[in-house]
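Below you'll find the structure, written out as structure tokens, and then a few comments.
The values are calculated or read from the model by the stated rules, or taken from the named source; none is laboratory data. Since this is a predicted model, take the numbers as computed values, not measurements. Here the Cβ is made from the backbone with ideal geometry for all residues, glycine too, and neighbour counts use every protein chain on show.
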Amino acid sequence: MRYIPHTDADVAQMLRIIGASSVEELFSHIPAQLRLKKPLDIEALDEVSLMTHLGQLGARSTPATGATVREGAALSFLGAGLIPHHVPVAVDMMLQRAEWYTSYTPYQPEVAQGTLQAVFEYQTLVSELFGPPVTPGQAAPYVSNASMYDGASATAEAVLMARRITGRSAVVACGAIHPQYLGTLHCYLDGIDSEGRGAIKTVGFGADGRVDLTALATLLAELGSTVACVLVQSPNYLGVLQDVSAVRALAQKAGALTVVACPEPLAFGLVKSPGSQGADIVAGEGIGLASGPSLGGPGVGLFAARSEHVRQIPGRLVGETVDQDGRRGYVLTLATREQHIRREKATSNICTNQGLIALAFAIHLCMLGKSGFRRLAELNLAKSEYLKQRLLGVRGFRLAVSGPTFNEIAVTVRGRAADVALRLREQGIFAGVPLDQPGFELPSLPDAERTLLIATTERHRREDIDHLVTALDEVCP
Amino acid sequence: MTGTSKGLITTRQLLHHEAPIFEQGAPGRSGASLPKLDVPEVSAAALLGDLYRDAAPGLPEVSEVDVTRHFTRLSRWNYAIDIGMYPLGSCTMKYNPKVNERVARMPGFAGLHPAQSEESLQGALELMYRLERALCEISGFARVTLQPAAGAHGELCGLMMIRAYHQSQGRFPRKVLIPDSAHGTNPASVTLNQMECVPVKTSADGILSAETVRAAVAQYPGDIAGLMVTNPSTLGLFEENIAEIAEVVHQAGGLVYMDGANFNALLGKVRPGETGIDVMHINLHKTFTTPHGGGGPGSGPVGVVEKLIPFLPTPTVELADGKYHLLYNRPQSVGRLRSFFGNFGMHVRAYTYIREMGGEGLTQATEMAVLNAVYLRALLHEEYPPASEKPSMHEYVTSDKKIKKETTVQTLDIAKRLMDYGYHPPTVYFPLVLPGALMIEPTETESKETLDEFAAALLSIAKEAHSDPDLVKHAPHQTALRRLDETKAARQPRLRWLPPT
């Protein structure tokens, strides 16, 4: 066994020093009735057979690519909470350094400065994306933590944080929120709320795909001073950019916090940050900019909030300090919020988070830099607008909603979206996500069964988009 | 400083002090390689109106070379399992096989989008199905969900299922018994579920007794939701009374949750699902070699006995007529704990490892992990007395009890001094029940020579504590930075880089 170095002689010598006659003796204190009486039934494979077996398993799926169809892969326009971008080769090369991927949570700062400084820089980048701009000489307006599991659980934790801060329990989830984010929120809250599903109220969206503000105002008035937070997503599940300020104005009047979920952080290269629009807590997902889609995980839950709430933030935080010789260094800090110190009084139970993917996110953002990040956002916007114009030229196609979008749009087509998607799959195209697909359905959208959610990014060339539009038109009845 | 035998001496190497990346580069520099725009340019300002962001976010302005050097230099300030022994008790830092990394990056796994149709995901669904079956075989549970993203997420999931089970019986018990030696995540997970912790004391020999549990249960008739137990415990001891304890909890109407952080001590020896445990999470990033990545991603699959299957998160992976499919329609399910299907990349790595090891190899891993810990105990017990007279399993838990009594040196100093000898320190000051705890978990991937050298280092430190206590108390001396001021960090939190005024 190549990962186990013990020779028979080693074992014999070690047993002699221990004073045991056999390895089996080391387990003799386990009561016999609890012992497994037969060997585990799993066959071992050498590396050659292992690679063959896994290669065969891998070949039984069709990878999604952004470029033109190639053998065995599909040209993909799938998004719906995971919009894959091109991640530079240098990012994954860096992740494969053993000092990054084979280290543990930085409990001992003297031998973990690499991870600690990288997290500090990650926190800075996330604060820049989601928070208001920094004023020189002023305290940081926003702080980010070291990462959460994913966008959906980060959103649920953001809502729990809002409940702790306000001491209130009702939650108003507004507009087109990713069904899996909403599902996760229900999972976190339904069991603990004696009111059951009652604790989460929802408000719909208008023809523009944005939150129905009149309905929100009415609901907030009804609920009075029980609302902990108003939750809104931007870009939302239909790809529409939400005017967070308008939602925030109503939330603030009700004494509620504003929580914003952001599954596509690239939008904030061109769009005012949620923090600038008054958001109190922002939760997002970085997978699309960090690593391959990998069936949706591992990704990275982004989490930032106004600095005044720092002691209610879940998860780890890295802070700057000095060593005993006065040199700048970094440590895990404000740990009195955390489970290993506070136990049942902690702000969350989170321990291991998504460190390596957070690192990938940070490295990519550094490579893009100030100008590259903005230009990448412009490319995405332009491709999506091009697709939008092309689709509007197709007979019987229309945009499901009319609001401003970033790089994903919802298009209502002729016929059932699932049938259309199936036909295109046969041509090697993943055309988009039908909004009645299990796990991805948005029943509150009229004509959801005829609507496809289509994401375009810098990976799609004009000819790929043209190819999609032509194919869609051809297969629709 | 000098070492005392082969391998004990750390060496110095060129290390660059590295300023935050925000202090590097030059305006206008970029490491981006972006495609030319082949569709009409659009005016973002016109399209976005009031939402348009005037100024780009404050990202650095550096080239790819700058970024590569920066992160390469930073990486060299990290200790890692590929550099040396990393005996963090309970964290199980064992070697991370390289083949796992290659497999997880195959396009047939890394390139899959979660919104693809089931037909286009057959290989991935089969892998998840096979991993679930393998984990069932190893753990003795009826089904396993792969959805939780880490151990603590698995705890949350397990407790949710326990509550859902009780509610399906029309009961709403709220108390969860938790031994004082438990991981902090256990009580925190209970609170996150708005249930209440009832602390239970371990006996003088370090394990739980059925009597203590019986007494605790008796205080809350009809209100016991369950018990959370770690086995082997955080003291590295097998909970010998687990079957009787489980019976006590079951008779009180409760269910038994096992924190599987230390499951690596039981492979092929004990199947928790056959010892009265109802729910257990498994850390793929501990027992099954998926890398820790400096703080994640982890993966925390949860196994359950038959009666809890209806409550598993949705979707589950099912096999029917030779096709794998996702089952969403599960009316009693607790729902979903996150988006998509869990940390799939970690599932691929863990499955690869399990198939390489096979049943026999996994059993051998457990045997050698226990042998290594017990061997270290034999080498160290005089200077570093064991937490309990009971036999150790996969980790040797000791403390500064003797050294602190005889000298002014304590656990933190010992930990820091170990760095000078070239090792990552063990877990310290945990479990809380043992003052000055040192939790040493060597894992099966360390050789006898490494263990001998590590033990020699600890014994040498014990001598230094007497002969030159200041040397130990001011350690580390060989690291790039000396001890860091954690008080300052907490008093004046600086949690992001700020431009100079």
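Using the structure shown, decide if B:Arg377 is out of contact with any Asp or Glu (no Cβ under 6 Å at 6 or more places or on another chain), within 7 Å of another protein chain (Cβ to nearest Cβ) and among the charged types (D, E, K, R).
Working: out of contact with any Asp or Glu (no Cβ under 6 Å at 6 or more places or on another chain): yes; within 7 Å of another protein chain (Cβ to nearest Cβ): no; among the charged types (D, E, K, R): yes.
No, not satisfied.
Could you grab me the full set of residues in the range B:8-26 that are surrounded by fewer than 16 Cβ atoms within 10 Å (Cβ to Cβ), modelled with pLDDT of 95 or more and part of a loop (DSSP other than H, G, I, E, B)? Don't jump to the end; show me each part of the working.
First, the residues of the range B:8-26 that are surrounded by fewer than 16 Cβ atoms within 10 Å (Cβ to Cβ): B:9, B:11-17, B:19, B:23, B:26.
Checking the rest, the ones that are also modelled with pLDDT of 95 or more come to B:19, B:23, B:26.
Passing the criteria: B:Ala19, B:Ala26.
Which residues, counting only those in the range A:325-347, are in contact (Cβ under 8 Å) with a residue 40 or more places away in the chain and either more than 7 Å from every other protein chain (Cβ to nearest Cβ) or out of contact with any Asp or Glu (no Cβ under 7 Å at 6 or more places or on another chain) (or both)?
Residues of the range A:325-347 that are in contact (Cβ under 8 Å) with a residue 40 or more places away in the chain, as a first pass: A:329-332, A:347.
Of everything in the range A:325-347, those that are in contact (Cβ under 8 Å) with a residue 40 or more places away in the chain and either more than 7 Å from every other protein chain (Cβ to nearest Cβ) or out of contact with any Asp or Glu (no Cβ under 7 Å at 6 or more places or on another chain) (or both) turn out to be A:Tyr330, A:Leu332, A:Thr347.
Which ones in the range A:274-287 are within 12 Å of chain B (Cβ to nearest Cβ), more than 17 Å from A:Ser153 (Cβ to Cβ) and of a type in the set (Gly, Ala, Ser)?
Matches in the range A:274-287: A:Gly275, A:Ser276.
Considering every residue within the range A:98-105, establish whether at least one is β-branched (Val, Ile, Thr), facing another protein chain (nearest Cβ under 7 Å) and on the phi < 0 side of the Ramachandran plot.
At the first step, the residues of the range A:98-105 found to be β-branched (Val, Ile, Thr) are A:102, A:105.
Narrowing the set further to residues that are facing another protein chain (nearest Cβ under 7 Å) leaves A:102, A:105.
Restricting the remaining residues to those that are on the phi < 0 side of the Ramachandran plot gives A:102, A:105.
Yes, some residue in the range A:98-105 is β-branched (Val, Ile, Thr), facing another protein chain (nearest Cβ under 7 Å) and on the phi < 0 side of the Ramachandran plot.
Enumerate the strands (runs of 3 or more DSSP E) found wholly within the range B:301-410, keeping only those where 3 or more residues are not hydroxyl-bearing (Ser, Thr, Tyr).
Details: elements: B:302-304, B:316-320, B:323-327, B:396-399.
It comes to B:302-304, B:316-320, B:323-327.
Let me spell it out: the conditions are (1) in contact with a His (Cβ under 9 Å, 6 or more places away or on another chain); (2) within 7 Å of another protein chain (Cβ to nearest Cβ), and A:Asn380 meets all of them except one. Which number is the exception?
(2)
Within the bounds of the range B:431-439, is there any residue that is in contact with a Gly (Cβ under 6 Å, 6 or more places away or on another chain), more than 12 Å from B:Ala373 (Cα to Cα) and more than 9 Å from chain A (Cβ to nearest Cβ)? Give the derivation first.
Pass one, the range B:431-439, residues in contact with a Gly (Cβ under 6 Å, 6 or more places away or on another chain): B:439.
With more than 12 Å from B:Ala373 (Cα to Cα) added as a condition, the list becomes none.
So far as the range B:431-439 goes, no, none of its residues is in contact with a Gly (Cβ under 6 Å, 6 or more places away or on another chain), more than 12 Å from B:Ala373 (Cα to Cα) and more than 9 Å from chain A (Cβ to nearest Cβ).
Could you list, in sequence order, the residues of the range A:126-166 that are at the interface with chain B (Cβ under 8 Å from one of its Cβ atoms), part of a loop (DSSP other than H, G, I, E, B) and crowded, with 24+ Cβ neighbours inside 10 Å?
A:Ala146, A:Ser147, A:Tyr149, A:Asp150
Which residue, of A:Val244, A:Val271, A:Val240, is within 12 Å of chain B (Cβ to nearest Cβ), crowded, with 24+ Cβ neighbours inside 10 Å and either free of Cβ contacts under 8 Å to residues at least 60 places away in the same chain or in contact with a His (Cβ under 9 Å, 6 or more places away or on another chain) (or both)? Please lay out each step first, then the result.
Working: A:Val271 fails: either free of Cβ contacts under 8 Å to residues at least 60 places away in the same chain or in contact with a His (Cβ under 9 Å, 6 or more places away or on another chain) (or both); A:Val240 fails: either free of Cβ contacts under 8 Å to residues at least 60 places away in the same chain or in contact with a His (Cβ under 9 Å, 6 or more places away or on another chain) (or both).
Within the list A:Val244, A:Val271, A:Val240, the selection yields A:Val244.
Is it true that B:Ser75 is more than 9 Å from chain A (Cβ to nearest Cβ) and either surrounded by 19 or more Cβ atoms within 10 Å (Cβ to Cβ) or in contact (Cβ under 8 Å) with a residue 60 or more places away in the chain (or both)?
Working: more than 9 Å from chain A (Cβ to nearest Cβ): no; either surrounded by 19 or more Cβ atoms within 10 Å (Cβ to Cβ) or in contact (Cβ under 8 Å) with a residue 60 or more places away in the chain (or both): yes.
So B:Ser75 fails the test.
So which of A:Ala32, A:Ala44 ends up being facing another protein chain (nearest Cβ under 7 Å) and of a type in the set (Gly, Ala, Ser)? Give the derivation first.
Values: A:Ala32 fails: facing another protein chain (nearest Cβ under 7 Å).
After applying the criteria, what remains is A:Ala44.
Among the residues of the range B:127-137, are any facing chain A (nearest Cβ under 7 Å), assigned to a helix (DSSP H, G or I) and surrounded by 18 or more Cβ atoms within 10 Å (Cβ to Cβ)? Give the steps one after another, and end with the answer.
Applying the first criterion (facing chain A (nearest Cβ under 7 Å)) to the range B:127-137 yields B:127, B:134, B:137.
After this cut, where a residue has to be assigned to a helix (DSSP H, G or I) as well, the list is B:127, B:134, B:137.
Now narrow it down to the ones that are surrounded by 18 or more Cβ atoms within 10 Å (Cβ to Cβ): B:127, B:134.
Yes, there is a match, as at least one residue in the range B:127-137 is facing chain A (nearest Cβ under 7 Å), assigned to a helix (DSSP H, G or I) and surrounded by 18 or more Cβ atoms within 10 Å (Cβ to Cβ).
Please indicate, with yes or no, whether at least one residue in the range A:67-89 is part of a loop (DSSP other than H, G, I, E, B), polar (S, T, N, Q) and either under 28 Å from the mean Cα position of the chain (by Cα) or under 30 Å from B:Glu360 (Cα atoms) (or both). Show your work before the answer.
Within the range A:67-89, the first condition is being part of a loop (DSSP other than H, G, I, E, B), and the residues that meet it are A:67-73, A:77-88.
Those still in the list that are polar (S, T, N, Q) too: A:68.
From what is left, the residues that are either under 28 Å from the mean Cα position of the chain (by Cα) or under 30 Å from B:Glu360 (Cα atoms) (or both) are A:68.
There is at least one residue in the range A:67-89 that is part of a loop (DSSP other than H, G, I, E, B), polar (S, T, N, Q) and either under 28 Å from the mean Cα position of the chain (by Cα) or under 30 Å from B:Glu360 (Cα atoms) (or both).
Kindly evaluate A:Tyr104 against the criterion of being in contact with a His (Cβ under 8 Å, 6 or more places away or on another chain) and either basic (Lys, Arg) or not assigned by TED's automatic domain parsing to the domain that holds A:Glu441 (or both).
On the way: in contact with a His (Cβ under 8 Å, 6 or more places away or on another chain): yes; either basic (Lys, Arg) or not assigned by TED's automatic domain parsing to the domain that holds A:Glu441 (or both): yes.
Yes; evaluated as a whole, the condition is true for this residue.
Quick one: A:Ala207 ticks every box in (1) farther than 19 Å from A:Phe303 by Cα; (2) not in a loop (DSSP other than H, G, I, E, B) bar one, so which box is it?
(2)
A quick yes/no check of all residues on (1) outside any helix (DSSP H, G or I); (2) at pLDDT 95 or above; (3) within 12 Å of another protein chain (Cβ to nearest Cβ):
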residue	(1), (2), (3)
B:Gln167	no, no, yes
B:Arg171	yes, no, no
B:Ile178	yes, yes, yes
B:Ser189	no, no, yes
B:Glu211	no, yes, no
B:Ala243	no, yes, yes
B:His250	no, yes, no
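So if I check each of B:Glu196, B:Glu244, B:Glu239, B:Glu211, which one is touching a Leu at 6+ places or on another chain (Cβ under 8 Å) and among the charged types (D, E, K, R)? Walk me through it before giving the result.
Details: B:Glu196 fails: touching a Leu at 6+ places or on another chain (Cβ under 8 Å); B:Glu244 fails: touching a Leu at 6+ places or on another chain (Cβ under 8 Å); B:Glu211 fails: touching a Leu at 6+ places or on another chain (Cβ under 8 Å).
Every option except B:Glu239 fails the conditions.
If only one of B:Tyr165, B:Tyr129 is within 23 Å of B:Leu362 (Cα to Cα) and among the aromatic types (Phe, Trp, Tyr), which one is it? Steps first, answer last, please.
Working: B:Tyr165 fails: within 23 Å of B:Leu362 (Cα to Cα).
Exactly one residue qualifies, and that residue is B:Tyr129.
What is the one condition in (1) in a helix (DSSP H, G or I); (2) more than 30 Å from B:Met439 (Cα to Cα); (3) touching a helix residue (DSSP H, G or I) at 6+ places or on another chain (Cβ under 8 Å) that B:Leu74 does not satisfy?
(2)
Out of the range B:27-48, which residues are at the interface with another protein chain (Cβ under 7 Å from one of its Cβ atoms) and assigned to a helix (DSSP H, G or I)?
If the condition is that a residue be at the interface with another protein chain (Cβ under 7 Å from one of its Cβ atoms) and assigned to a helix (DSSP H, G or I), then B:Ala44, B:Leu47, B:Leu48 are the ones that fit.
Return the residues of the range B:169-220 that are touching a residue at least 24 places away in the same chain (Cβ under 8 Å) and aromatic (Phe, Trp, Tyr); say none if nothing qualifies.
B:Tyr220
Which residue, of B:Gly236, B:Gly206, is surrounded by 22 or more Cβ atoms within 10 Å (Cβ to Cβ), closer than 26 Å to B:Val270 by Cα and either of a type in the set (S, T, N, Q) or touching a Lys or Arg at 6+ places or on another chain (Cβ under 8 Å) (or both)?
On the way: B:Gly236 fails: either of a type in the set (S, T, N, Q) or touching a Lys or Arg at 6+ places or on another chain (Cβ under 8 Å) (or both).
After ruling out the rest, the residue left standing is B:Gly206.
Does the range B:445-462 include one or more residues that are out of contact with any Pro (no Cβ under 8 Å at 6 or more places or on another chain) and free of Cβ contacts under 8 Å to residues at least 60 places away in the same chain?
yes
Out of all the residues in the range B:88-124, which are more than 8 Å from every other protein chain (Cβ to nearest Cβ), buried (at least 19 other Cβ atoms within 10 Å of the Cβ) and not in a loop (DSSP other than H, G, I, E, B)?
Once the filter is applied, which keeps residues that are more than 8 Å from every other protein chain (Cβ to nearest Cβ), buried (at least 19 other Cβ atoms within 10 Å of the Cβ) and not in a loop (DSSP other than H, G, I, E, B), the range B:88-124 yields only B:Asn100.
Quick grid of which residues meet (1) within 20 Å of the chain's Cα centre (by Cα); (2) assigned to a helix (DSSP H, G or I); (3) within 12 Å of chain B (Cβ to nearest Cβ):
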{"residue": "A:Leu356", "(1), (2), (3)": "yes, yes, yes"}
{"residue": "A:Met367", "(1), (2), (3)": "no, yes, yes"}
{"residue": "A:Ser371", "(1), (2), (3)": "no, yes, yes"}
{"residue": "A:Glu385", "(1), (2), (3)": "no, yes, yes"}
{"residue": "A:Ile409", "(1), (2), (3)": "yes, no, no"}
{"residue": "A:Phe440", "(1), (2), (3)": "yes, no, yes"}
{"residue": "A:Glu463", "(1), (2), (3)": "no, yes, yes"}
